[in-house]
1. Quick one: which residues, 5+ away or cross-chain, put their amide H under 5 Å from the amide H of Val558? H built at 1.01 Å from N.
2. Looking at segment 686-784 from every direction and averaging, what is the projected area of its Cα convex hull in nm²?
3. So how far, in whole Å, is the C-alpha centre of segment 490-556 from the one of segment 146-167?
4. Per-residue HN-Hα couplings for segment 737-752, Karplus 6.51 cos²θ - 1.76 cosθ + 1.60 at θ = phi - 60°, whole Hz, x for Gly and Pro?
5. How large is the Rg to Rh ratio of segment 61-197 when both quantities use alpha carbon positions and Rh follows Kirkwood?
6. Given Ala351, Leu334, Tyr96, which one lies farthest toward the positive end of the charge dipole of the chain, if we put +1 on the Cβ of every Lys and Arg and -1 on the Cβ of every Asp and Glu?
7. What spacing in nm lies between the two simple spin-label points modelled at Ser191 and Thr603, each 7 Å away from Cα in the Cβ direction?
8. Mind ranking Arg646, Arg550, Arg629, Arg92 by accessible surface for me, highest first, 1.4 Å probe?
Amino acid sequence: MFSDVLGDIRYALRQLGRTPGFTVVAVLTLAFGIGATSAIFSVVNSVMLTPLPFPEPERLARVHEVVPQYGRFSVAPATFFDWRRQNSVFERMTAYGSSSATLDAGSGPERLTGLIVTWEFFDVLGVQPARGRGFRPDEDTPNNNTVIVISHGAWQSRFGADPAIAGTAVSINGTPVTVAGVMPAGFAFPSRDIEFWRPMAIDPANASRGAHFLAAIGRLKPGVSIEQAAAEMKTISERLGTQYPDNSANESADTVLLHDQIVGPIRPMLWTLLASVVVVVLIACANVANLLLVRASVREKEIAIRAAMGAGRRRLVRQLLTESLVLAVAGGALGVLLAYLAIAPIQTLSAGSIPRVTEIALDARVLAFAFALALVTGVIFGLAPAWQASRAGLGAILKEGGRSSATSGGRWVRSALLVAEVALSLILLVGAALLLRSFTKLSNVDPGFDADRVLAFRVALPATTYPEDHHRAAFFDNLLARMRATPGVEAAGMVQTLPLRGGYVLSFEIEGRPPSRPGEDLSANHRVVSPGYFTALGMRLLRGRLLNDRDIQTSPMVAVVDEAFVRRHFPNEDPIGRRLDIGNGTDGAYEIVGVVSDVRYETLEAAADPTMYVPFTQDIFSQMWLLARTTGAPSAFAGTARQLVRDIDRGLPAFSISPLDAIVDESMAERRFSMLLLGLFALVALFLAAVGLYGVVSYTVGQRTQEIGLRMAIGAAPWQVLRMVVGGGMKLALVGVALGVAGSLALANLVASMLFGVTAFDPASYAATAIVLLAVAMLACYVPARRAMRVDPIIALRQE
């Protein structure tokens, strides 16, 4: 049997070598289908199927606070300490929050991105530093957190891979700290841009219960399920809500596996893309099956002679299937190469939209998937042609004197495959059209500001050199004055949180109204801004006045609110002059002096939330975003921004420098990625369907040459031949379009969660894709139809 198989393979290679055009087309068709599927599967495998790179990752869980007004929320420090002390389902719990710091390097100040963590952080994850050590409990206390652990990347890029770095003192924010350890090269949590970890050093006795800014994770005890942990954490949180009604009333907890937390939001998109490339593979299979059917009809005499010499039907099917599998393996090998080449572009396109994107690779699982896919596709596209070719009547074929024949069964199979190609292509085209329409709608959303010609950058002031509010105020006032005086700058302002980058929410009370009941506090986005912020961002004043330079610390406290704030809290009254008691730690109330247009601070998809703007001098922060509206390209101002900061304080860097329109584009990265890939798959499917339709119609014309010549000999006009040929192909295309529309409607809910501004049953998308597909089908039919119109009746009849 092994000898027979080797003989079949050698014979298949000889047969395919005799028809290089057919072989190249078939292998390339399969390569594109298998390559695209393998590339997307490598993404799914790395992001969703591969466990997190920690010991026993299935025991890691993320715990959220659930706040009545906002649902899942970050955790308040006091709540976390209560969770850690009272739970019985976790071996250990840890919490962390975002941080950054300025490293005093020899070449100048460098900004590092990091985390503040509780001391158990590395123990919970189960990963210890490769050099040095982690944190001790005593280092997670106020005034004792003078150690940091750095990432492997920071060790290499910031410290020259110094092998003796552990125990070395470095200057962070102007304060000496000791590098306790260096993490292993593969460690990256929660993201690869984290360069250091530092003890949080919050005293549980004085921890806030109202400020939510931490993320909490825990390692489940052996034998404890995620459902048990979720139930206990919910019980603890509800008990805390009763115990502390002023801050935690009606709050709960939600516990999920850490892996689900990381990949959950991206899961629908990845499964949709994987389903889309599977459709492309099916179309490729149908296309190659049609090519094999045509080839089998040409080889009918050969097959009949082999049958006459004693080859049984099963033996013939095995030989023809071997040829199909040889094609599939060749297409699969080339497809794996294409998938490998596609990984880098996918990582670039998906940066910022897919977690764990740097882990995407062609590992053993992906290669096994590609091999299995090649074998399955070989059987799928080879079975029908092999079965069809082996069932032809021996006597009928030999009587044909060497001509190829086309049985009605073969025609029906080819037609059915073509209809399936068109239907599947339309399904992909509809999905791509819906995402394109959705992306266009999102791109046209007014974010509430003008991002054109605006450069944004950050500056953070260390407490050691800027210990008091008046020091920070003086620095930023000086920097803004220098920015406004720079040629090419139209306006300059600052804010503590940029639009589309989230932010934080504060509770407030409206003077003259009854206090809110526990758990039902009024809240809104809180933004600390300079007077020039509104102008730099291009926001519109709708009522009252904007903040100005007279709104200083000694003046009455004032605030500006947006339209969303007025709609929710002052729907039938004038808000100007009303006073807000904002929970930002300041004494006294803020008088509303103006109303401005809405800005979308969370995402473009979400409606603008109510927002309060207060002057920087009345609520001073040490870290701010600076905005400069320029007369030219904003990126040209980046060097000037760095120099302006250095001119004031040579120990400070300007960092996170980016044009504001790039930040807007970044907010749409996930939608752009899914739209581009699905659009690419749809175009490939459309091309394959057109090629398949052209092949079937072209073969039909070749088989009907005598009939066409006879029709023209008895008076048929060329346009009638054109109508006959194009009409036959278009009937198949119309049936495919009808089935495709029905399939798209049935599968519409799969893409519904990925849409914005359009429904999954958008008539324009369905109509446009059907028209495009029918136009391409008509073109594919027209080319062979023109050849049919030029048939010479005498030559056609002489062939018989």
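The values are calculated or read from the model by the stated rules, or taken from the named source; none is laboratory data. Given the structure is predicted, the values throughout are model-derived calculations rather than measurements. Every residue, glycine among them, receives a Cβ derived from its backbone with ideal geometry; neighbour counts consider all protein chains shown. Surface accessibility is based on the protein's heavy atoms, side chains included, excluding ligands, DNA and RNA. Shrake-Rupley method; radii C 1.70, N 1.55, O 1.52, S 1.80 Å.
1. The list, which skips near neighbours in sequence, is Glu591.
2. Numbers: hull surface 28.8 nm².
Projected over every direction and averaged, the Cα hull of segment 686-784 covers 7.2 nm².
3. So the two Cα centres are separated by 40 Å.
4. The phi angles translate into 4, 4, 5, x, 4, 4, x, 5, 5, 5, 9, 4, 5, 5, 9, 4 Hz.
5. Details: Rg = 16.0 Å, Rh = 16.1 Å.
When Rh is taken as the Kirkwood radius, the ratio is 1.00.
6. Farthest towards the positive pole: Leu334.
7. With each label placed 7 Å out from Cα toward Cβ, I get 1.5 nm.
8. Values: Arg646 80, Arg550 175, Arg629 15, Arg92 100 Å².
Largest accessible area first, the list is Arg550, Arg92, Arg646, Arg629.
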